[in-house]
Amino acid sequence: MKKFKAKYFFLAILSGCLLAISFPKINAFYLAWIAFIPAVYTALRNCVKNSLVYGFIFGFTCYAISLFWMFPFLKFNTNITQALIASSLLWAYLSLYFAVWMGMLSFSRRHFHPIVSSLYAASSWVVLEYVRTYLLTGFGWNLLGYSQTSFSHIIQFADIFGVYGLSFVIVFINMLLYYWLQDSRGKLFFLYAIGIFIVAGTYGHIKIHSYSNPFGDKLKVGVVQPNIDQYKKWDEKFVKENLASIEKLAANFENQDLDLAVYPETVLPGYLQYEGEIIDFVEAVSKYSKLNLFGGASYDAEDRIYNSVFAITGKNKNLSKHDKNHLVIFGEYIPFKSLLSKYFGILNTLGDFSKGKYMNVLKYKGMNIGATICSENFFPDLSRKVVLNGAKILTNHTNDAWFLDSYAPYQHFVMNVFRAIENRKNVIVSANTGISSVIDSAGNITKITSINKAETFITDAYQNNVITVYDKIGNIFCYMCMFFTMFIIVIVFII
């Protein structure tokens with residue numbers, strides 16, 4: 001093992017800083033296309049063990065900056081010590097993926113042509129992102145592709161390969177630029193990089209032109225952003241005050257002949273199934289729209305509690321509901337509850353939620369709506385599944401008030417842009433506070449609210465029957481990357 005050198009620590013930190021600020025809220029997305037170059041230089045000049053350490057530094061720097069919001073978020077629910085420990089552990093866990101990636105890159109150095117090495121680096125990155133999205137309940141936050149939300153022409157091919165395909169291209173371009181900079185005869189690598197941009201940009205231009213113009217069945221939609229203070233949201237003393245403020249906002253929809261009114265996650269501070277105060281509120285505001293989607297808690301015959309979205313008609317008839325399929329660990333349920341509950345309080349007063357089993361389509365008079373609740377939009381498969389089940393438009397109901405005015409609401413919101421492109425569906429976002437919006441099928445934001453402001457808006461959104469390549473093949477691209485990565489590793493072992 002070679003001695004550690006300060007310059008490699010510096011380069012790892014540099015890569016981490018460049019990558020961190022490419023994500024929202026800073027949103028210097030163009031830096032992602034060069035952020036990996038210092039890290040690649042480091043990995044290809046060090047042994048595997050050293051590269052693992054430098055990779056960890058790369059990742060920890062990136063996440064300590066881009067996910068710093070985890071600390072105040074956890075501090076809100078625990079205390080300074082627990083928040084510091086928990087957030088540091090999360091940053092460290094996520095950094096392990098960077099460490100493994102740089103170790104894998106070092107492992108294969110000097111064995112392959114630069115193009116093969118670049119393909120291997122990009123493929124292994126995708127594999128690690130995919131694993132991170134689903135392993136240990138999953139954390140699909142700040143996948144590399146999400147950094148490019150503002151680069152609208154480049155992100156359009158997500159309707160074929162999903163967000164993981166864009167992550168692949170970013171790493172691949174970084175590798176090509178590295179080889180171009182390292183080899184005086186490497187002009188061809190630069191031309192390859194330019195060629196990829198041209199192809200992706202041309203495809204993007206065609207798709208933006210095709211999907212930016214409104215098409216499909218028009219719906220007149222109202223969206224509510226109540227901006228309820230998180231300290232008051234679950235305090236029983238403020239239930240009447242909170243419901244009154246929401247009812248006042250909803251009154252803006254009176255005589256507007258809405259097709260659909262969309263309310264955020266847990267907008268109902270109790271159980272619609274039996275609490276009179278909640279029932280009266282829903283009856284009062286549901287008359288403003290043909291169909292209303294309310295976030296709230298529900299329970300079943302076995303007294304299991306769910307985080308749900310209710311579909312309520314304008315005549316206050318409860319049609320159906322969607323129960324959240326993917327729960328947030330320590331936020332909506334506590335694993336090993338008897339052991340850990342004394343360290344982590346559940347983040348609301350309703351109790352430990354149970355996991356929903358199906359991605360239900362909410363249907364009423366020609367409307368076919370696929371609802372996701374908060375973190376369900378982390379997972380491309382869930383939106384894809386509800387589209388394949390018949391959804392013609394998507395909604396996301398969230399409560400980003402937990403995150404205060406940090407980077408988090410912006411980083412969470414951009415995932416909806418990718419769900420719109422992957423499925424070529426309009427996406428309606430309603431947040432308690434955070435960012436509420438309507439996104440068209442090309443990923444254009446057609447309406448958007450400010451953070452920490454109570455407001456409503458009315459706009460048009462469109463249903464469609466489009467089934468994309470990504471809808472049909474799902475994450476096959478990720479499996480191809482897995483196969484290629486394993487193939488290269490086996491070859492290195494043999495030679």
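The values are calculated or read from the model by the stated rules, or taken from the named source; none is laboratory data. In this text, all values refer to a predicted model and were calculated from it rather than measured experimentally. A quick note on method: Cβ atoms are made from the backbone with ideal geometry, for glycine too, and the neighbour counts reach across all protein chains shown. Just the protein is used for accessible areas: all its heavy atoms, side chains included, with ligands, DNA and RNA removed. Shrake-Rupley method; radii C 1.70, N 1.55, O 1.52, S 1.80 Å.
Quick grid of which residues meet (1) outside any strand (DSSP E or B); (2) hydrophobic (A, V, I, L, M, F, W, C); (3) farther than 24 Å from Met359 by Cβ:
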residue: Ile279; (1), (2), (3): yes, yes, yes
residue: Val285; (1), (2), (3): yes, yes, yes
residue: Asn292; (1), (2), (3): no, no, no
residue: Ala301; (1), (2), (3): yes, yes, no
residue: Phe310; (1), (2), (3): no, yes, no
residue: Asn316; (1), (2), (3): yes, no, yes
residue: Lys321; (1), (2), (3): no, no, no
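Looking only at residues of region 372-422 that are touching a helix residue (DSSP H, G or I) at 6+ places or on another chain (Cβ under 8 Å) and in a loop (DSSP other than H, G, I, E, B), we find that the one that is surrounded by the most Cβ atoms within 10 Å (Cβ to Cβ) is Asn399.
Look at region 217-231: where a residue is open to solvent by 10 Å² or more (accessible area, probe 1.4 Å) and a partner is among the hydroxyl-bearing types (Ser, Thr, Tyr) and assigned to a strand (DSSP E or B), sitting 6+ places away or on another chain with Cβ atoms under 6 Å, you get Lys218/Tyr462. When Gly138, Gly145 are checked against the criterion of being touching a residue at least 40 places away in the same chain (Cβ under 8 Å), of a type outside the set (Ser, Thr, Tyr), open to solvent by 10 Å² or more (accessible area, probe 1.4 Å) and under 19 Å from Leu94 (Cα atoms), Gly138 stands alone in meeting it.
The criterion of at least 3 residues that are of a type in the set (S, T, N, Q) is met, among helices (runs of 4 or more DSSP H) falling completely within region 131-235, by 158-182, 187-212.
Which residue, of Ala43, Ala64, Ala39, Ala32, is touching a helix residue (DSSP H, G or I) at 6+ places or on another chain (Cβ under 7 Å), closer than 17 Å to Pro409 by Cα, in contact (Cβ under 8 Å) with a residue 24 or more places away in the chain and among the aliphatic types (A, V, I, L, M)?
Testing whether each residue is touching a helix residue (DSSP H, G or I) at 6+ places or on another chain (Cβ under 7 Å), closer than 17 Å to Pro409 by Cα, in contact (Cβ under 8 Å) with a residue 24 or more places away in the chain and among the aliphatic types (A, V, I, L, M) leaves just Ala64.
In this structure, is Glu265 charged (D, E, K, R), over 17 Å from Thr459 (Cβ atoms) and either surrounded by fewer than 20 Cβ atoms within 10 Å (Cβ to Cβ) or out of contact with any helix residue (DSSP H, G or I) (no Cβ under 6 Å at 6 or more places or on another chain) (or both)? So Glu265 does not fit the description; no. Which one is nearest to Lys220 (Cα to Cα), of the residues in region 241-269 that are within 27 Å of the chain's Cα centre (by Cα) and in contact (Cβ under 8 Å) with a residue 60 or more places away in the chain? So the residue we want is Leu260. Could you figure out which of (1) in contact (Cβ under 8 Å) with a residue 60 or more places away in the chain; (2) open to solvent by 10 Å² or more (accessible area, probe 1.4 Å); (3) over 30 Å from Ala83 (Cα atoms) isn't true of Ile369? Only one criterion is unmet by Ile369, namely (2).
Each residue in region 193-234 was checked for being among the aromatic types (Phe, Trp, Tyr) and either more than 26 Å from Glu422 (Cβ to Cβ) or under 23 Å from the mean Cα position of the chain (by Cα) (or both), and 3 of them qualify. Set side by side, the residues Val438, Val469 differ, and just one is at pLDDT 95 or above and open to solvent by less than 30 Å² (accessible area, probe 1.4 Å), which is Val438. Listed by first and then second residue, the pairs linking a residue in region 196-216 that is over 20 Å from Ile439 (Cβ atoms) and hydrophobic (A, V, I, L, M, F, W, C) to a residue that is open to solvent by less than 50 Å² (accessible area, probe 1.4 Å) and assigned to a helix (DSSP H, G or I), with Cβ atoms under 7 Å apart and 6 or more places separating them unless they lie on different chains, are Ile196/Val169; Ile196/Ile173; Ala200/Phe157; Ala200/Val169.
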